[in-house]
Amino acid sequence: MRLILASSSPRRQALLRQLVNGFEVIKPEIDESRHRDEALVAYAERLSREKAAAVANMLDASPALIIAADTIVIDHEGALLGKPADAAAARRMLRRLRDRAHEVFTAFTVCQRDRPPQVITRHARTQVVMRDYSDAEIDAYIASGDPFDKAGGYAIQHKTFQPVARIEGSYSNVVGLPLDELRAVLKGFSAWSAIRESNSD
């Protein structure tokens, strides 16, 4: 049984290795545009399902268990903060988040290619409170190049910037894959036990 992570994110790969060592990585290619009037959490859940389906459609008929995820950041006014396109966008986001609370949701889908396929989608929520970092710290962080591939323009785990004061909820969810919630879902898939056993050999 193949275990496939439908993500090229090194952070998600590192998190999944905390559960299991042996898995493949396939990057899904989908349109990530939000639908008109689509609720934000529903949007993240749909993207996770579409990522899993896109990878499933790339495979041959062999059995596979696919994990896909999508993370969104919602600020204190309910606005969606995506990945900043440039330094100016990153600066605006980080100033908007500074010394305030916001929410991080990661939706994930687990798909086992049976007949019929078994598909489960869930999400996790974490409230994040940012510290009162300075403009100079923002500029130094942007200069590092780290913000540009991250929703909300920051990484909670960045050792130098350390933008977060405290959280309520899952830390791994903010990084990009809520491990406790994912583990609970995986236990419901027959393929997961076989994958774990093969990885322990």
Among the listed residues Ser62, Ser8, identify the single one that is within 15 Å of the chain's Cα centre (by Cα) and outside any helix (DSSP H, G or I).
Ser8
Within the range 65-79, how many residues turn out to be surrounded by fewer than 21 Cβ atoms within 10 Å (Cβ to Cβ), within 21 Å of the chain's Cα centre (by Cα) and either among the acidic types (Asp, Glu) or under 22 Å from Tyr133 (Cβ atoms) (or both)?
4
Is it the case, given these coordinates, that Ala56 is surrounded by 13 or more Cβ atoms within 10 Å (Cβ to Cβ), on the phi < 0 side of the Ramachandran plot, over 17 Å from the mean Cα position of the chain (by Cα) and touching a residue at least 12 places away in the same chain (Cβ under 8 Å)?
yes
Scan of the range 13-59 for residues that are in contact with a strand residue (DSSP E or B) (Cβ under 6 Å, 6 or more places away or on another chain), assigned to a loop (DSSP other than H, G, I, E, B) and aliphatic (A, V, I, L, M), ordered by number
Ile26
Search result, residues across the range 149-180 that are basic (Lys, Arg) and surrounded by 15 or more Cβ atoms within 10 Å (Cβ to Cβ):
Lys150
Which of the residues belonging to the range 54-71 are modelled with pLDDT under 95 and out of contact with any helix residue (DSSP H, G or I) (no Cβ under 8 Å at 6 or more places or on another chain)?
Ala56, Asn57, Met58, Leu59, Asp60, Ala61, Ser62
Hits in the range 98-145 - residues which are in contact (Cβ under 8 Å) with a residue 40 or more places away in the chain and of a type in the set (Ser, Thr, Tyr)
Thr106, Thr109, Thr121, Thr126, Tyr141
Suppose the filter is assigned to a strand (DSSP E or B) and touching a Lys or Arg at 6+ places or on another chain (Cβ under 6 Å); does Thr121 pass it?
yes
Just to verify a result, which residue in the range 76-102, among those that are touching a helix residue (DSSP H, G or I) at 6+ places or on another chain (Cβ under 9 Å) and part of a strand (DSSP E or B), is farthest from Leu5 (Cα to Cα)?
His102
So which residues in the range 175-201 are part of a helix (DSSP H, G or I), modelled with pLDDT under 95 and not polar (S, T, N, Q), if there are any at all?
Ala191, Trp192, Ala194, Ile195, Arg196, Glu197
Looking at (1) under 16 Å from Gly176 (Cβ atoms); (2) buried (at least 19 other Cβ atoms within 10 Å of the Cβ), can you tell me which one Arg17 breaks?
(2)
If the Cβ limit is 6 Å and pairs must be 6+ apart or interchain, which residue in the range 1-21 that is under 14 Å from Ala68 (Cβ atoms) pairs with which residue that is among the basic types (Lys, Arg)?
Ala6/Lys51; Ser8/Lys27
Whether any residue in the range 134-148 is buried (at least 16 other Cβ atoms within 10 Å of the Cβ) and either modelled with pLDDT under 95 or not in a helix (DSSP H, G or I) (or both) is what I want to check.
no
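The values are calculated or read from the model by the stated rules, or taken from the named source; none is laboratory data. From a predicted model like this one, the values you see are computed outputs, not experimental measurements. With ideal geometry, Cβ positions are generated from the backbone for all residues, glycine too; neighbour counts draw on all protein chains shown.
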